[in-house]
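Below is one structure; the comments refer to it alone.
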Amino acid sequence: MSEEKEYEGGCFCSAVRFKVKGPAMVSQICHCSICRRLQGSSLGLAISFFGADKFEVTEGKEELSEHLSPQKYSRMFCRKCGTRVFLSFEKCEREIPMVALYPTLLDSVAHSSIPEELAPSRHIYYADRLYDFHDGKPKFADMPAEFGGSGKQLDDKGNPVT
Ligand SMILES: [Zn+2]
Ligand SMILES: [Zn+2]
């Protein structure tokens, strides 16, 4: 059991600020084409999941705009600078009391590295990646089975693991 750590972070222009208490439920790198296009990223996107009760927008709630995905994920972004700040699942059919955050938005990570307790433990949607990652971490073709995916795993080069 790791101790609770509090992190602060915000969008690029600092209009929106938040606090979140760790540890994260899970941290992973997503390689799906949706994250890639939304973020303008050619690499994977690190995402950490926290209980919704551990997360609080402390400044700039009124600057947040919502983009609702077809699955009713609320993608919350700063309307001043466009940063995607977090993802909420409260409008989903089966409400999930979690938020997804990008550890790169934490103040402590902005100019250094992701703390060990938030370091991604696996890759998801690795089949959709543009570049290979040789980090030896588990790589799921889509999602782990317990998250509704196929649970199929790939090696660093994208070959099926049997
Ligand atoms: Zn902003
Ligand atoms: Zn994604």
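A short reminder: the numbers here are calculations on the coordinates, not readings from a lab. Owing to the predicted nature of the structure, the values given are computational and were not obtained by experimental measurement. Here Cβ is always computed from backbone atoms with ideal geometry, including for glycine, and neighbour counts include all displayed protein chains.
Quick notes
- Ranking Pro120, Cys32, Cys78 by how far each Cα lies toward the positive end of the dipole of the stretch 6-120 (charges on Cβ) leaves Cys32 at the top.
- Neighbour counting of Cβ atoms within 10 Å sorts the residues His123, His134, fewest neighbours leading, into His134, His123.
- Its Cα centre serving as origin, the chain has a Cβ charge dipole (Lys and Arg +1, Asp and Glu -1) of approximately 540 debye.
- Based on C-alpha pairs under 8 angstrom that are at least 6 apart in sequence, the chain has a relative contact order of 22 percent.
- 11 Å reach of a label modelled at Glu59, 7 Å along Cα-to-Cβ, counting backbone N of the stretch 1-35: 9-11, 13-18
- In the elastic network of the chain, a GNM with C-alpha springs shorter than 10 Å, the most mobile of Cys78, Cys11, Cys92 is Cys92.
- Among Thr162, Thr83, a tally of other beta-carbon atoms within 10 Å of each Cβ gives an order, fewest to most, of Thr162, Thr83.
- With coordinates expressed along the principal axes, the C-alpha atoms belonging to the chain extend over 48, 34, 30 Å, beginning with the largest.
- Partner lysines for Lys137 [C-alpha distance under 20 Å; skip if fewer than 8 residues away on the same chain]: Lys152, Lys157
- A straight Cα-to-Cα reach below 22 Å connects Lys5 with the lysines Lys19, Lys21, Lys54, residues fewer than 8 places away in its own chain not being considered.
- Helix-only mean residue ellipticity at 222 nm for the chain, each DSSP H run of n ≥ 4 adding -39500 (n - 2.57), per residue, nearest 500: -1000 deg cm²/dmol
- Note on Ser150 and Ser121: the extension gain reaches 8.6 nm, defined as 0.36 nm multiplied by sequence separation minus the Cα-Cα distance.
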